[in-house]
Each structure stands twice: as structure tokens, then as C-alpha cells.
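The values are calculated or read from the model by the stated rules, or taken from the named source; none is laboratory data. Everything numeric in this text was worked out from a predicted model, so none of it was measured. FYI the Cβ positions are ideal-geometry reconstructions off the backbone, even for glycines, and counts take in every protein chain you see. Keep in mind that these areas ignore ligands, DNA and RNA; they rest on the heavy atoms of the full protein, side chains included. Shrake-Rupley method; radii C 1.70, N 1.55, O 1.52, S 1.80 Å.
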Amino acid sequence: MELRQLEYFQMVARYRNITRAATHLNVSQPNITVSIKKLENELGVTLFDRGQKHLTLTPEGERFCHEANQGCHQRD
């Protein structure tokens with residue numbers, strides 16, 4: 001897992017939208033999509049339910065988001 005993948009995941013989880021996350025991070029939408037797919041493959045879980053207009057965290061995504069946020073706060 002790369003730090004960039006974690007950053008992209010957290011931003012998509014925050015906005016529930018890849019386009020808005022990409023705009024905020026100043027990267028292309030495909031970069032985020034590929035990064036999250038790789039992260040899901042590495043973890044062996046689906047992190048987001050993909051709807052037409054927004055994304056919803058799966059239960060596994062919720063747990064991962066919580067753990068990622070906890071890990072980031074412990075580094076501070």
C-alpha cells in the first residue's frame with residue numbers, strides 16, 4: 001500500500017465522489033480510480049459501492065476509513 005493510495009481513498013471517502021476528490025487533489029480522475037482499484041485488490045475487499053452520482057463506503061470501507069484516520073492521527 002502506498003501513501004498516495006491512502007490519501008486518494010480518504011479524499012474520495014470524504015467527498016463520496018471521485019471527480020471532486022480529483023479536483024481537490026489536482027490529479028486526474030483516472031489516476032484516482034486506478035489507485036483505489038489497486039488498493040481494493042491489495043486488501044482483497046471492495047471499499048466503495050459505486051452508484052451513478054456518488055459512492056458509498058462498504059462496511060469494509062468504513063472500517064478501513066476509521067483505521068486509516070486513526071493511523072494518521074497517531075503520526076501527528
Which of the trypsin sites (Lys or Arg not before Pro) found in the range 1-73 are in a DSSP loop and have at most 16 neighbouring Cβ atoms, other than their own, within 10 Å? R16, K53
Apportionment of accessible area to carbon and sulfur, the chain, percent (1.4 Å): 47
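For the chain, with every protein chain kept in place, what is the accessible area per residue (1.4 Å probe, Å²)?
For the chain, the per-residue accessible area is 68 Å².
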Quick one: grab the alpha carbon gyration tensor of the chain, order the square roots of its eigenvalues as a ≥ b ≥ c, and give me rounded if a/c is under 1.5, else prolate or oblate depending on whether a/b is larger than b/c. rounded
